[in-house]
Amino acid sequence: MNDSAPTTAESLRRALAGLLDGLPPKQAAAAVERLIANYRGTTPTDAPVLRDRSDVAAYAAYRMPATFEAVRSALDALAEAAPHWVPGSHVDVGGGTGAATWAVDATWDGPRTTAVLDWAEPALALGRELAGRSSSEALRGADWRRAVIGTGIGLPDADLVTVSYVLGELTPKARHAVVAEAARAGQAVVLIEPGTPEGYLRIREARDQLIAAGLKVAAPCPHDGTCPIEVGQDWCHFSARVSRSSLHRQVKGGSLPYEDEKFSYVAATRFPVTPVPSRITRKPQIRKGLVLLDLCGPEGEGLTRATVTKRHGDLYKAARDADWGRQWPPAEAP
């Protein structure tokens with residue numbers, strides 16, 4: 001694990017802070033609002049959404065912190081399942097300005113070869129510029145390559161392949177091809193999508209595809225069996241806390257210094273891992289003298305609710321401190 005993760009996050013915030021210099025605030029906000037509408041559309045695209053530097057700068061300043069935190073949360077779960085594994089190479093598919101690459105740098109120490117693939121040259125150029133401002137040799141040495149993300153894609157073999165907030169932009173055929181190639185190329189594959197019912201369904205479909213390709217689920221699921229969630233009744237997603245910039249507040253309004261990024265993900269590997277015994281699938285509900293935990297457990301056990309009371313002693317204290325998305329019981333539980 002990387003003890004410099006806060007430093008990496010702060011370095012990214014500083015690099016992003018200078019992106020909008022010279023771009024009128026109203027223009028930046030308008031670009032973000034247009035791009036959000038495009039990204040939330042239901043029609044997959046066969047062309048890059050980010051068209052020029054002003055698009056890329058505005059959207060990176062707005063979205064990179066949230067994407068970074070979501071991907072870092074997913075990578076933390078993989079690192080917990082494989083505590084002695086460190087990726088020596090990383091391919092980021094549809095990586096844009098490189099949020100996932102920064103998240104990898106925040107998760108693991110050590111030298112690393114990194115390739116960021118995207119079809120939008122303005123995004124790659126800005127990503128290269130941001131990485132150049134980092135103190136990390138791995139980030140500064142990343143290779144930023146233009147590539148079509150879809151059918152016919154070819155990836156270099158790598159220890160880790162990430163695909164974040166990309167599958168929803170693709171047609172079903174292209175989506176299947178990208179996941180298949182990620183499964184072929186990667187020793188570990190981490191896929192992240194928005195934490196919506198639609199994003200969850202894309203992750204669920206990709207999870208089945210990864211398992212069929214011979215990979216084992218490392219997180220968030222405690223097993224490789226069928227997801228116990230009934231489609232249409234609920235969806236699996238998690239939350240990451242994100243500090244809000246002035247641009248966030250300008251576009252969304254409100255005064256809170258943070259927001260919560262909802263995301264769905266799956267991490268799968270070709271090497272042995274130790275999944276959590278159970279994972280907390282909703283924000284814990286703290287009541288007087290008790291805590292209610294919604295859990296996804298081992299195969300066959302499915303979805304359950306645990307009630308932890310004061311009579312459970314130290315376990316009750318752990319439950320009060322438990323976070324959505326973490327394992328249960330905690331590793332240090334008595």
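Structure summary
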| read-out | value |
| --- | --- |
| Candidates Arg63, Arg72 - the one that is open to solvent by 10 Å² or more (accessible area, probe 1.4 Å), among the basic types (Lys, Arg) and at pLDDT 95 or above | Arg72 |
| Identity of the residue in region 314-331, in a loop (DSSP other than H, G, I, E, B) and open to solvent by 30 Å² or more (accessible area, probe 1.4 Å), that ends up nearest to Pro277 (Cα to Cα) | Pro329 |
| Residue selected from region 95-113 under the condition open to solvent by less than 10 Å² (accessible area, probe 1.4 Å) and more than 23 Å from Glu169 (Cα to Cα), by the criterion farthest from the chain's Cα centre (by Cα) | Trp108 |
| Some residue of region 306-325 being of a type in the set (Phe, Trp, Tyr) and touching a Ser or Thr at 6+ places or on another chain (Cβ under 8 Å) | yes |
| Of residues in region 5-19 being within 16 Å of Arg244 (Cβ to Cβ) and in contact with a Ser or Thr (Cβ under 9 Å, 6 or more places away or on another chain), the one modelled with the lowest pLDDT | Ala17 |
| Of the criteria (1) more than 20 Å from the chain's Cα centre (by Cα); (2) modelled with pLDDT under 95, which one Asp260 fails | (1) |
| Matching residues, region 153-177, being farther than 24 Å from Ala125 by Cβ and open to solvent by 40 Å² or more (accessible area, probe 1.4 Å) | Asp157, Asp159, Thr171, Pro172, Lys173, His176 |
| Cβ pairs under 7 Å, 6+ apart, first in region 187-206 and of a type in the set (Ser, Thr, Tyr), second modelled with pLDDT of 95 or more and open to solvent by 10 Å² or more (accessible area, probe 1.4 Å) | Tyr200/Trp235; Tyr200/Cys236; Tyr200/His237 |
| Hits in region 86-106 - residues which are farther than 15 Å from Leu126 by Cα and either hydroxyl-bearing (Ser, Thr, Tyr) or in contact with a helix residue (DSSP H, G or I) (Cβ under 8 Å, 6 or more places away or on another chain) (or both) | Pro87, Ser89, His90, Val91, Asp92, Val93, Ala103, Val104, Asp105, Ala106 |
| Scope region 49-94; condition over 26 Å from Gly150 (Cα atoms), more than 14 Å from the chain's Cα centre (by Cα) and among the charged types (D, E, K, R); matching residues | Glu80 |
| Qualifying positions in region 254-309 - hydrophobic (A, V, I, L, M, F, W, C), outside any strand (DSSP E or B) and open to solvent by less than 60 Å² (accessible area, probe 1.4 Å) | Phe271, Val273, Val276 |
| Hits in region 178-201 (condition: within 15 Å of Ser89 (Cβ to Cβ), crowded, with 24+ Cβ neighbours inside 10 Å and among the hydrophobic types (A, V, I, L, M, F, W, C)) | Ala182, Ala188, Val189, Val190 |
| Selection from region 207-235 of residues that are of a type in the set (A, V, I, L, M) and in contact (Cβ under 8 Å) with a residue 60 or more places away in the chain | Ala218, Ala219, Ile229 |
| Residues that are in contact with a strand residue (DSSP E or B) (Cβ under 8 Å, 6 or more places away or on another chain) and within 22 Å of Asp323 (Cβ to Cβ), drawn from region 76-98 | Ala77, Leu78, Glu80, Ala81, Ala82 |
| Number of the exception - Ser136 against (1) under 28 Å from Val273 (Cβ atoms); (2) over 19 Å from the mean Cα position of the chain (by Cα); (3) surrounded by fewer than 18 Cβ atoms within 10 Å (Cβ to Cβ) | (3) |
| Close pairs (6 angstrom Cβ cut-off, 6 or more residues apart or separate chains): part of a loop (DSSP other than H, G, I, E, B) in region 131-158, aliphatic (A, V, I, L, M) and open to solvent by 20 Å² or more (accessible area, probe 1.4 Å) anywhere | Thr151/Ala177 |
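The values are calculated or read from the model by the stated rules, or taken from the named source; none is laboratory data. Keep in mind it's a predicted model, so treat the numbers as computed, not measured. Reconstructed Cβ throughout: ideal geometry from the backbone, glycine too, with neighbour counts over all protein chains shown. We work out accessible area using only protein heavy atoms, side chains counted, and drop any ligands, DNA or RNA first. Shrake-Rupley method; radii C 1.70, N 1.55, O 1.52, S 1.80 Å.
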